[in-house]
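Bear in mind these aren't lab numbers, they're just calculated from the coordinates by the rules spelled out. No experiment lies behind these values; they were computed from the predicted model shown. Heads up, the Cβs are rebuilt from the backbone with ideal geometry, glycines too, and the neighbour counts pull from every protein chain shown.
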């Protein structure tokens, strides 16, 4: 899935060259909008891959205010929370019990999206970079009554592709973060504002 996303973005970038030569002076869409999205998060790797996995994924919520510099190009700030859990069978235990570990990501990214059309169907590619704050927790930490949760803040970046249809937005994003915190996000949401200008 990660390779497919990179191929889609590379293909779209090649197509931007002739598109940029078109007249972009006349505004079709309003300048400001806010994207609100929900989605599914899939981690890039599992710390317990040798175990019998039962569930490996999580949920995403994101909000992203944007300003369209020109109709094809929008600059924004993405604030996203992603909670990812991994539930697996402890095959080393005589009781064959279930164990859980997971990560909670809170990210603040400066983003840019490029749109290829001015119709109601608007495919786009985008990228962004910023700070990812990650907290890790597992069942062992909970059972030990420990009050401390491992926590890190680090720089990461994101690449994405998708489309908007009216005020509906659907896309796939890959978040590149170190320390095994990278994840793929599949999202659906709504665009508040940013519609066509009235003549």
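Here are some notes:
- If the chain linking residue 121 and residue 165 were pulled fully straight, counting 0.36 nm for each residue of separation and taking away their Cα-Cα distance, it would gain 15.4 nm.
- Per-residue extension of 0.36 nm, minus the Cα-Cα distance of residue 79 and residue 42, leaves a gain of 11.5 nm for this segment.
- Percentage relative contact order, the stretch 150-199, counting C-alpha pairs under 8 Å, at least six apart: 30
- Extending 7 Å from the Cα toward the beta-carbon at both residue 186 and residue 133 defines two label points whose distance is 3.0 nm.
- Ranking of 160, 196 by count of other Cβ atoms within 10 Å, fewest first: 196, 160
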